[in-house]
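The values are calculated or read from the model by the stated rules, or taken from the named source; none is laboratory data. Computed from a predicted model, the values in this text were never measured in an experiment. Using ideal geometry, Cβ is built from the backbone for each residue, glycine included, and neighbour counts are taken over all protein chains shown. The accessibility values were calculated without ligands, DNA or RNA, using every heavy atom of the protein model including side chains. Shrake-Rupley method; radii C 1.70, N 1.55, O 1.52, S 1.80 Å.
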Amino acid sequence: MFQQEPPSLGNQFADDRVLRSYLARVLPAEMLAEIQPALMELGLLASGELYRLQLADRLNEPALTQWDPWGNRIDHVTVTPLWRAAERVAVDFGVVATAYEQKHGRLSRVHQCALAYLFTPSTDIYSCPLAMTDGAARTLLGSGNEALIERVVPHLITRERDEFWTAGQWMTEITGGSDVGLSQTVAVPTEIPDQEVAGRESHAADWPWRLYGKKWFASAITSQVALTLARPEGNPPGGRGLALFYVELRNETGGWRNIEIDRLKDKLGTRKVPTAELTLAGTPAQLVKGTTDGVRNIAPLLNITRLWNGISAVALMRRGLALAEDYAGRRIAFGARLSEKPLHRDTLSGLLAEFEAAFQLAFHVAELTGRSEMGELPENEAQLLRLLTPVMKLTTARQAVMVLSEVLEAFGGAGYVEDTGLPQLLRDAQVLPIWEGTTNVLSLDTLRALGGASESVPSPLQALNDAVSNCLKEAKDPELAEPVSITRAAMRHAEKWFRRVAGQEELEAGARRFALTLGRTMESALLIRQAQWSRDYEADGRSIVAARRFARSGIDLLID
Ligand SMILES: Cc1cc2nc3c(=O)[nH]c(=O)nc-3n(C[C@H](O)[C@H](O)[C@H](O)COP(=O)(O)OP(=O)(O)OC[C@H]3O[C@@H](n4cnc5c(N)ncnc54)[C@H](O)[C@@H]3O)c2cc1C
């Protein structure tokens, strides 16, 4: 009786040509030698113990128990065994800490992102609380609020399991996640003496504000702390009237600090993430920085979570392709393995090219972020980072959905069957274009990064043009001539289009095609540079094949 062999995973670091080649190019040899053993260990966990636990954990979900047997409101939330294991692994490997220890200076972000990339695919979006924790640490460190920096940041970036805290970010309300300026949560200053709030909350002096409102999507509600937006009483409407607040979710005895968990969301994917609808019923809070400009003040958090989004997008693509490529070597159809069928091979090559290109852009933003955190970015590259963060997030997220949909098809019917663990890849990927800014909202943010409609090409676009040119200059292999010319033409077209539609409604209407064109153009340029390097130093032409394929797949999405 025929039995189909399931796909299997090798060590997810050792097997990853794209990651290894990239790290070999950007890291000094001594640094790579130093960090490689941990990457190898994490790669082994990701393909072994964690992967097995992930498959075994498939049907488990977080649960909310609102009442105890005696009628007390408890709002107890449990997470699954995989998530508990994931937290331990994350802390042990310093998946957040590495970026803050800065042992390798500006390259610490790249190191951290390599860890996050290996960690993510077997841990069912535990990357979500880690991303927010990382973003909260960055935001607090930049806030100048010494008391919070001293009290909170050490917990967010620790390598001690018992000391570790995760952070949530609560922005979205039922009125809008994109247009957060509509937020209705109010902050009321309080001078209530401690005894009057006994049993509710204490330390009025430490917590001079009370928050009242509802947050509509509060992910990873098991976190210890959160950064949130609320409007101090009397402030004007709109985003500027919101302030950034810090909240600790539970008191010393583990009770909620005037927070009610109304419900956990029943979601398409990310089902291990307990995403809550919650009521702030006089929740004690502190201002992080000023009584206005909360949206601007929370931006550093979003830049970090958008970076994580991109790293997660490429990590999930890589997992899908690793499984699909392995399976193609095991599945027989029409007398041969799928891996021997030219059309199946061609299908997978197209997906691999998308992944390789996306990988280069996500990690390039990690490089720029790391340099920015060390204060090493000149103005033009700071502008480039501001531009590429939304561009990278939106481009890689869309690629992940497309690639993972195709990955499922590469398994035929098995890709649609739940207990293979495959459908979850697509469901989880589908959140990537939605949270932390939808594709459209980030396309508009891209225009803002360019300084809005202007008559002349603004300097961030020039910075991008320079970055693209610098990459293309390195291409010498004749096989790269065609992708170089396609990439150059796409960049020129984007600039021309931007100049032509400046000040017209067409600019906003075309923002998504424009932003995706910028993203794919930059991806193509970065992939070409990597491909040339890999040819020169590794005698490997596979990235050249990917670069040619990617450039031909349509990087210019503008329609005149
Ligand atoms: C699983 C999950 C977890 C989440 N976790 C969190 C969390 O922890 N914290 C948090 O704060 N939020 C969280 N969110 C919320 C998420 O950030 C929002 O759903 C998202 O920002 C979109 O907001 P919205 O749902 O209100 O959609 P809307 O803002 O109503 O958008 C609807 C559609 O309109 C489009 N649109 C909006 N404005 C424009 C415009 N000007 N031009 C063109 N198109 C536009 C959008 O692109 C979208 O397609 C989570 C969401 C999900 C799905």
One residue is enough: does segment 444-459 have a residue meeting the conditions away from the ligand (no atom under 16 Å from the Cβ) and either under 30 Å from Lys265 (Cα atoms) or in a helix (DSSP H, G or I) (or both)?
yes
Please state which one of Ser349, Ser405 is among the hydroxyl-bearing types (Ser, Thr, Tyr), assigned to a helix (DSSP H, G or I) and closer than 30 Å to Glu61 by Cβ.
Ser405
Hey, does segment 370-391 have a residue that's among the aliphatic types (A, V, I, L, M) and within 16 Å of the ligand (Cβ to nearest atom)?
yes
Going through segment 267-296 in order, the residues found to be open to solvent by less than 40 Å² (accessible area, probe 1.4 Å) and under 19 Å from the mean Cα position of the chain (by Cα) are Lys267, Gly269, Thr270, Lys272, Val273, Pro274, Thr275
Test each condition in (1) within 13 Å of the ligand (Cβ to nearest atom); (2) out of contact with any Asp or Glu (no Cβ under 7 Å at 6 or more places or on another chain); (3) among the small types (Gly, Ala, Ser) for Gly269 and report the one that comes out false.
(2)
From the list Leu425, Leu432, exactly one residue is within 12 Å of the ligand (Cβ to nearest atom), open to solvent by less than 20 Å² (accessible area, probe 1.4 Å) and either touching a Lys or Arg at 6+ places or on another chain (Cβ under 7 Å) or not in a helix (DSSP H, G or I) (or both). Which is it?
Leu432
Pairs needed: first member in segment 156-177, free of Cβ contacts under 8 Å to residues at least 40 places away in the same chain; second member anywhere, more than 16 Å from the ligand (Cβ to nearest atom); C-beta distance under 6 Å; at least 6 residues apart or different chains.
Glu163/His155
Provide a single number: the residues in segment 527-539 that are buried (at least 23 other Cβ atoms within 10 Å of the Cβ) and hydrophobic (A, V, I, L, M, F, W, C).
3
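Results for (1) surrounded by 24 or more Cβ atoms within 10 Å (Cβ to Cβ); (2) within 16 Å of the ligand (Cβ to nearest atom); (3) over 22 Å from Asn297 (Cα atoms), shown as yes or no for each residue.
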position	(1), (2), (3)
Gly94	no, no, yes
Pro121	yes, no, yes
Ser127	yes, yes, yes
Ala131	yes, yes, no
Within segment 511-526, identify whether any single residue is open to solvent by 70 Å² or more (accessible area, probe 1.4 Å) and out of contact with any His (no Cβ under 8 Å at 6 or more places or on another chain), and answer yes or no.
yes
Select from segment 281-299 the residues that are in a helix (DSSP H, G or I) and within 15 Å of the ligand (Cβ to nearest atom) and write down the one among them that is farthest from Asp16 (Cα to Cα).
Gly294
From the residues in segment 399-422 that are open to solvent by 20 Å² or more (accessible area, probe 1.4 Å) and of a type in the set (S, T, N, Q), which one is nearest to the chain's Cα centre (by Cα)?
Ser405
Reported set for segment 323-338 where residues are outside any loop (DSSP other than H, G, I, E, B) and surrounded by fewer than 16 Cβ atoms within 10 Å (Cβ to Cβ) is Ile332, Ala333, Ala336, Arg337
Over 17 Å from Leu130 (Cα atoms), assigned to a strand (DSSP E or B), within 13 Å of the ligand (Cβ to nearest atom) and touching a strand residue (DSSP E or B) at 6+ places or on another chain (Cβ under 7 Å): does that describe Leu278?
yes
Flag for Ala230 being in contact with a Gly (Cβ under 6 Å, 6 or more places away or on another chain) and buried (at least 18 other Cβ atoms within 10 Å of the Cβ)
no
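Do we find that Arg250 is farther than 20 Å from Pro189 by Cβ and more than 15 Å from the ligand (Cβ to nearest atom) in this structure? Reasoning before the result, please.
Values: farther than 20 Å from Pro189 by Cβ: yes; more than 15 Å from the ligand (Cβ to nearest atom): yes.
Yes: the conditions hold for Arg250.
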Taking into account only those residues within segment 174-192 that are out of contact with any helix residue (DSSP H, G or I) (no Cβ under 7 Å at 6 or more places or on another chain) and under 17 Å from Phe217 (Cβ atoms), which is farthest from the ligand (Cβ to nearest atom)?
Gln184
Are any residues in segment 216-262 in contact with a Cys (Cβ under 6 Å, 6 or more places away or on another chain) and of a type in the set (Ser, Thr, Tyr), and if so, which ones?
Ser219
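Go through segment 1-59 residue by residue and tally those that are basic (Lys, Arg) and either in contact (Cβ under 8 Å) with a residue 60 or more places away in the chain or open to solvent by less than 50 Å² (accessible area, probe 1.4 Å) (or both). Explain how you work it out, then say what you get.
Residues of segment 1-59 that are basic (Lys, Arg), as a first pass: 17, 20, 25, 52, 58.
Imposing the further condition that a residue be either in contact (Cβ under 8 Å) with a residue 60 or more places away in the chain or open to solvent by less than 50 Å² (accessible area, probe 1.4 Å) (or both) reduces the set to 17, 25, 58.
Looking only at that region, the number is 3.
Give segment 352-375 a look and list any residue that's in a helix (DSSP H, G or I), open to solvent by 10 Å² or more (accessible area, probe 1.4 Å) and not small (Gly, Ala, Ser), or say none.
Going residue by residue through segment 352-375, those that are in a helix (DSSP H, G or I) are 352-373.
Retained after the next criterion (residues that are open to solvent by 10 Å² or more (accessible area, probe 1.4 Å)): 352, 354, 364, 367, 369, 371-373.
Hits for segment 352-375 are Leu352, Glu354, His364, Glu367, Thr369, Arg371, Glu373.
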